[in-house]
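Here, each number is a calculation from the coordinates, and none is a lab measurement. All figures in this text were calculated on a predicted structure; none of them were measured in a lab. Cβ sites come from the backbone with ideal geometry, for glycine too, and all protein chains shown count toward neighbours.
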Amino acid sequence: MGVLGLTSFIKDNGVFLTDYQFRNSKLIIDGTNLYHLLYFNSRVDQQHGRDYDDFEDQVCEFFKALRDCSIEPYVIIDGGSDFSDKKFETLHHRVQSRINTANNLSMGLQRRGLLPILVKQVFKQVLSSLKVSYAQCIFEADQEITSLAQRWNCPVLYNDSDFYIFDIQAGYLPFSHFKWKNASVQRWSSQNYIPCKWYTTTSFCRQVNINRQLLPVFAVIAGNDYVNLHNMGFPIRWEDHSPMEPNRKLLKWLAPFQQQQEALDSLSLLIGHGETNVDAALQALSLGIKTYQLPPDCLERFFNDGNAPDPGLLQNHLSVLPDWTLLPLMKGTLPSYIIYILKCWPVIQGVQLEDHSFPSGNTTSRPIRQVLYGLLLGERGEVEEYDREGRNHLAQIYNISVRLKVFLETLGVSQSTLNSVPLNLGLPVAVTHYWLRHAHLRPDLPLLQAMLLGLVYGELCRQRKMLERMRELIQRGARSLDLGVAHAYCQWQRCMKDCLDLNQLLCFPLPEPQCAWLYKGTLVHQLVAKLRGGVTPDSLLMEDSSSEQLKGIECIGRSRKKGISGLSQLRRGRPTQRAEVETLARTVLKRRRVYRFRVREIWPKSSILVSSDQRILFLMV
C-alpha cells in the first residue's frame, strides 16, 4: 500500500519530520518491508542466484544494533493481500516489473533489484535463532501493525507512505531515516541510541491545518493501491491553477471540513461528471477509506499468550480457513499463500533470474505444488471456485511415517537414498534428487557436483570451519554470469521453496534445513567453472573430520566411471510404483482424486496475462 506522491511531499517539506534519538522502547517492525530493505541496501550478490549467508549476517547486524540500544523488536510479516480487481492489477504490474528486472539482470544490463526466492524463509529462521519475537499475519499487516502499536503505545518502523495516514499515537519511524548503522551514545546518559526521524499525525495535521479524521479521505482522493480516481476517469479539476504541489492543493481543499462525510459530499466540486458517475467514485472512495480502519487486535493475544486469533474475530472472507491453520500461520510454520489456495485466489509465483528463452523455472516443481494443492483442497479441484468450508483432510494423516512417505513419493525419492546423509541435509538432498530428474535441460555432472559441494561448504561454514577457504575461493574467481548455470540453479531454488512449503504442510516429516547456508550463488557458479575445467571435487574438500562426515553427500556427484552407484541411482531414480502410490492415496483419502487448477503465466516478451486450464489426475494427496 502507499499514497501517491506522499513520500516525496513529506521529504520535500522537512518540517513534518523531527530528529529523534530512539532507544529503550518496544518497536513494531514490518518484517516484509524490513527484509526487502536489508537485502537491497546491502552488498549481497544479486546476479548468481543469491548469497543467503551474507543476507543472514545483515539481519543479525540489524537486530544487534537494536539490542545495543535496549530496543525490543516485534516483527510482523505480511500474510496476504485482498484480491480485489484493483489490488490484483497492482500486483500484476509489480510482477511485470520484476520480470523486466530479471531479464535485465540476465543480460547484464543491471546488477541489482530482484529479491531471491528463499529470502523470506531465511529471514524467519534467523529471527528464530536470534529469539526475536515475530508473527505472520493472517492477512495484510498494515492494520494489524497499527492496532498493536496503539495497544502498546510504541512506534512503528516501516517504509510505506500509508503510515503517514494511520493515526499512531507513539509515531512512525520511516526506515529511510533510521540510521541503525550509526548508533551513538548520549553524552548525558551514556546510553546508546539510533538517530532517526519521527513522524506523528498530530504534528502533520497541525502544520497543514486539517482534522486528523480527514487523513484517510486525503489518501484515497490522492490515490493509493486500491483507489485511483484519475485511472477511473475522474481527474481532479483544480480551480487554482497555481504551480502548488497537488497534495498541498488537496490538503488546502480539505482544510475547511471537519468530518469525512462532509468532504465526500463535496467531491463533485472536484471531479464533476454528473450524479451517477460521482456515486461510483464515492463508492470506491468509501471502500478505500475502510482500509485505514483498525480491526480487532489479534497480535497482542499471540505475543502475550501464544494463542491463535479467535476465529470469530477474523474478517468474513477468512472464515474459510480451518481452525487448525491459524496458529501455524501466525507462527510462520505454514506458508501464507495457502490462504490464497483455500480462498481459490490466483497464486502468483515468484520471479527469478533465469534464461527467458526456456520455460519458466517454476514449472519444474509444479508437480510438488500439485500435491500441496491436493492436500489443501481435497476432493474438489477448481482452485478459483472450490469451497473448503468444514473439511480438513490433513487431520487424517496422523502417522509420521505416512507423512514422510507422501513427501518422499512426491519427489520420487526412496528412504534408502537418504540413509547415509546427515539428518539436517535430508531435505536438500531429496530436492536435489528431484531437480536432477525433472529440470528443464538435465543438469550435467559439474552442475550436480557444484551444488553438492555447496551444501558441504555451507554445513562446514555453519560450524565456522573452512570459512576463510571458501572466501578465498570466491575472491579468486571471476564473477561473469553463465546464464545456463543461473537457469539450472533457479529451478533448484524453486524446487527447494515448494518442498519447504510441502514439508511445513505435512508437519515437518523431515527436519527443516537452515536456508541461509544451503545455497551461495557466487560459490557454486565458480565451482561449476572449476569442475568443468578439470578440477576434481576431492581437491576442493579440505580433509578434516567434518568433511569426512559429509563425503556421503559429495560421493553421489563423483565421476560416472567405475560404476559409482550413487550418481547412477540419482540420475535414473526409482521407477514410478503406481501400485504403491495408489495404495497410499487410498490410505490417506480412500479414493483417487481429479484435481483441476488454473495456471497463470506472465510472459516477459508480450507482457500479457495468459490463462489455461489443465486437468491433473492425482494419485497422491
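Modelled spin-label separation between Asn209 and Leu441, with each label point placed 7 Å from Cα along the Cα-to-Cβ direction: 6.5 nm.
How long is the gain from Asn419 to Ser401 if the chain were fully straight, where each residue apart is worth 0.36 nm and the alpha carbon distance is subtracted?
Working: separation 18, 0.36 × 18 = 6.48 nm, distance 1.49 nm.
My answer for the length gained is 5.0 nm.
Kirkwood Rh, Cα Rg: Rg to Rh for the range 174-291? Working shown, then result.
Details: Rg = 19.0 Å, Rh = 16.6 Å.
Reported Rg/Rh (Cα atoms, Kirkwood Rh): 1.14.
So how do 132-144, 427-439, 8-20 stack up, highest first, on mean other-Cβ count within 10 Å? Could the numbers behind the result be given before it?
Values: 132-144: 21.8, 427-439: 23.4, 8-20: 14.5.
Ranked by mean Cβ neighbours within 10 Å, highest first: 427-439, 132-144, 8-20.
Based on alpha-carbon atoms only, what is the radius of gyration of the range 6-210 relative to the globular estimate 2.2 N^0.38 Å? The partial results should precede the final answer.
Working: Rg = 17.9 Å, N = 205, 2.2 N^0.38 = 16.6 Å.
That works out to 1.08 for the range 6-210.
When only alpha carbons are used to place a centre, the range 479-527 and the range 296-320 end up 33 Å from one another.
In this rough spin-label picture, where each label sits 7 Å from Cα along the Cβ direction, the Asn231-Gln186 distance is 4.5 nm. Beta bridges assigned by DSSP with both partners in the range 6-210 are antiparallel in approximately 35 percent of cases.
Using the beta-carbon distance between Asn316 and Ala255 and R0 = 45 Å, what value does 1/(1 + (r/R0)^6) give for FRET efficiency, to the nearest 0.05?
Details: r = 36 Å, r/R0 = 0.81.
So, using R0 = 45 Å, E works out to roughly 0.80.
Rounded to the nearest 20 debye, the dipole magnitude of the range 6-210 is 460 debye, with +1 charges on Lys and Arg beta carbons, -1 on Asp and Glu beta carbons, and the Cα centre as origin. Compared with the direct C-alpha span, the chain from Ser286 to Asn304 gains 3.0 nm at full extension, assuming 0.36 nm per residue.
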